[in-house]
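Please treat every number below as a calculation from the coordinates, not as lab data. Quantities reported herein were computed from a predicted structural model and do not represent experimental measurements. With ideal geometry, Cβ positions are generated from the backbone for all residues, glycine too; neighbour counts draw on all protein chains shown.
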Amino acid sequence: MIKKRIMKVYESKYSRIIYSQDTLTLEWIWASDNEQIKPADLKNEVKKFIKIIHTNICNKILLDTWYFCFCLDLEIQDWIQMRFDQTIQQSALQKIAVVKSREVLSQICIEQLLYEQFPDFVEKKFFYNSFEAREWLKK
């Protein structure tokens with residue numbers, strides 16, 4: 001019997017991050033209580049996620065943005081991109097699955113950021129639910 005080693009490595013009122021040692025997967029799940037998130041709080045969430053990428057070996061990410069309701073303006077996108085550039089280049093990341101946001105403008109911003117941020121060698125795919133996203137990451 002395979003023992004699953006899954007642990008919550010971070011939680012705030014805006015999001016939580018779960019790490020699976022068995023699958024080397026990080027799941028960043030946005031909570032439903034983020035509609036009033038301020039840019040400074042969003043930046044703190046991103047900093048936490050990047051720190052967790054550095055401290056946990058992962059080659060897959062599930063980004064569940066269903067409840068993400070923040071429209072990323074160009075300044076925030078640039079700030080995120082600068083933080084992620086070095087992290088992505090140094091990581092073993094192979095796949096990123098994204099559960100689409102229910103907010104159209106948020107989803108457009110997320111797609112734009114992902115396609116600009118993540119190099120072509122990182123497979124990217126968007127889903128309408130986390131079950132399909134997890135199944136794709138297993139392949």
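From the list Ile18, Ile37, Ile29, Ile61, which one is among the aliphatic types (A, V, I, L, M), assigned to a loop (DSSP other than H, G, I, E, B) and either farther than 22 Å from Glu111 by Cα or out of contact with any helix residue (DSSP H, G or I) (no Cβ under 6 Å at 6 or more places or on another chain) (or both)? Can you show your working first?
Values: Ile18 fails: assigned to a loop (DSSP other than H, G, I, E, B); Ile29 fails: assigned to a loop (DSSP other than H, G, I, E, B); Ile61 fails: assigned to a loop (DSSP other than H, G, I, E, B).
Ile37 is the lone residue from the list that is among the aliphatic types (A, V, I, L, M), assigned to a loop (DSSP other than H, G, I, E, B) and either farther than 22 Å from Glu111 by Cα or out of contact with any helix residue (DSSP H, G or I) (no Cβ under 6 Å at 6 or more places or on another chain) (or both).
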(request) Answer with yes or no whether Ile108 is of a type in the set (A, V, I, L, M, F, W, C), surrounded by fewer than 18 Cβ atoms within 10 Å (Cβ to Cβ), without any contact (Cβ under 8 Å) to a residue 24 or more places away in the chain and not in a strand (DSSP E or B). (result) yes
(request) Go over the candidates Lys51, Lys8 one by one and state the one that is loosely packed, with under 12 Cβ neighbours inside 10 Å and free of Cβ contacts under 8 Å to residues at least 24 places away in the same chain. (result) Lys8
(request) Give the number of residues within the range 122-131 that are exposed (fewer than 15 other Cβ atoms within 10 Å of the Cβ) and either without any contact (Cβ under 8 Å) to a residue 24 or more places away in the chain or under 19 Å from Ile108 (Cβ atoms) (or both). (result) 3
(request) Just one of (1) more than 13 Å from the chain's Cα centre (by Cα); (2) surrounded by 13 or more Cβ atoms within 10 Å (Cβ to Cβ) trips up Leu74, so point out which. (result) (2)
